[in-house]
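Accompanying notes for the structure given below.
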Amino acid sequence: MAESAHVSASENPALARAGLLIVDKDAGMTSHDVVARCRKLLGTRKIGHAGTLDPMATGVLVLGVERATKILGLLALTTKSYTATIRLGRTTVTDDAEGEVVDTVDASHVTDEQIAVEVQALTGDIEQIPASVSAIKIDGKRAYARMREGETVELPARPVTVSRFAVLGRRDVPDEGFVDLDVVVDCSSGTYIRALARDLGAALGVGGHLTALRRTQVGPFGLEHARTLAQLADDPSPSLGIDAAIRAAFECRSVTDDEAVILANGRWLDPVGISGVYAAIDSRGRAAALLQEKGQRASSVFVVRPANM
């Protein structure tokens, strides 16, 4: 049984099955493919994802099941971690290995010292132009859709934070003049790793693109929580029940059973000085609601266990 998915028999069935499903996505699948597969495995249409992952990428994809779909937009999944492979010496239209080749240059002369300087320049608070095949909307249409239709897509730079960008290893491909770099990246949400590969190659004057990408962490959820679809087929249940998921994802405030009843009936509590959205947890470790303080009230933005459920 997945961690902390057990709920008492008296619980509403929809709530008993609710939680977060942390999937270790296989390469070649879209995030929507994963959602469709999980709907079949868990026997419910009520599954959604908290952000997508490119088809070529593997790793952590966070899904909400049943009532937990309502917390997906409230999750503070602002930090992400990746391992990746960057190939220096080739530029592609999509900044990854799946795109048409634009240019090929011998990169064998590039030194480790030169790489280190440019990696450092791409670390910290930077301005990044997103990949042209991103899901960013331009006048209501995704950038990748416009590109597929033959349009030239130019996106404005936007601020992102790369808190860690480190080279773990270098492998030269002498017959072709390529240099492959295994890297690790910790970054803010909205950072494109393929854009880092593109910009690193451009700064070194040889071009670059991404050949492999694996997401290892999204907010508090990592590969230690994740299961592949094959593993999920053997145990089709959430990775974390809704209570465990909320405790892991939000700052928590303990409330009495009487206060939990107040929240269940849609009323508010006195504030305690916690900023942002946080969880109210009852004496049994169950999530009563997600709260946000404004003025003299700590009001619910989502009631986990409403009185009429």
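Evaluate the following for VAL185: is it under 21 Å from GLU98 (Cβ atoms) and either assigned to a strand (DSSP E or B) or small (Gly, Ala, Ser) (or both)?
Against the criterion (under 21 Å from GLU98 (Cβ atoms) and either assigned to a strand (DSSP E or B) or small (Gly, Ala, Ser) (or both)), VAL185 qualifies.
Taking the residues in the stretch 37-62 that are part of a loop (DSSP other than H, G, I, E, B) and not hydrophobic (A, V, I, L, M, F, W, C) as candidates, determine which candidate is nearest to LEU20 (Cα to Cα).
Taking the candidates together, the pick is LYS46.
For the stretch 230-258, how many residues meet the condition of being crowded, with 20+ Cβ neighbours inside 10 Å, within 18 Å of the chain's Cα centre (by Cα) and not in a loop (DSSP other than H, G, I, E, B)?
Going through the stretch 230-258 one residue at a time, the tally reaches 4.
Counting only residues that are of a type in the set (D, E, K, R), crowded, with 21+ Cβ neighbours inside 10 Å and more than 15 Å from the chain's Cα centre (by Cα), which one in the stretch 68-90 is nearest to ARG247 (Cα to Cα)?
ARG87
Starting from the stretch 58-79, take each residue that is basic (Lys, Arg) and list its partners that are outside any helix (DSSP H, G or I), counting only C-beta distances under 7 angstrom and pairs at least six apart or across chains.
Close Cβ pairs (under 7 Å, with a partner that is outside any helix (DSSP H, G or I)) amount to ARG67/ALA18; LYS70/PHE302.
How many residues are under 20 Å from LEU74 (Cβ atoms), without any contact (Cβ under 8 Å) to a residue 40 or more places away in the chain, of a type in the set (Gly, Ala, Ser) and assigned to a loop (DSSP other than H, G, I, E, B) if we restrict to the stretch 259-286?
Count: 2.
What tally of residues in the stretch 80-104 results from selecting those that are in a strand (DSSP E or B) and touching a residue at least 24 places away in the same chain (Cβ under 8 Å)?
Residues in the stretch 80-104 being in a strand (DSSP E or B) and touching a residue at least 24 places away in the same chain (Cβ under 8 Å): 16 in total.
Could you grab me the full set of residues in the stretch 278-309 that are farther than 20 Å from ALA18 by Cα and either touching a His at 6+ places or on another chain (Cβ under 6 Å) or surrounded by 12 or more Cβ atoms within 10 Å (Cβ to Cβ) (or both)?
Matches in the stretch 278-309: GLN292, GLU293, ARG297, ALA298, SER299.
So which residues in the stretch 112-161 are among the hydroxyl-bearing types (Ser, Thr, Tyr) and at pLDDT 95 or above?
THR123, THR161
Which of the residues belonging to the stretch 9-32 are outside any loop (DSSP other than H, G, I, E, B) and over 16 Å from the mean Cα position of the chain (by Cα)?
Answer for the stretch 9-32, where residues must be outside any loop (DSSP other than H, G, I, E, B) and over 16 Å from the mean Cα position of the chain (by Cα): PRO13, ALA14, LEU15, ALA16, GLY19.
The values are calculated or read from the model by the stated rules, or taken from the named source; none is laboratory data. Predicted, not measured: the structure shown is a model, and the values here were computed from it. Glycine gets a Cβ as well: all are built from the backbone with ideal geometry, and neighbour counts include every protein chain shown.
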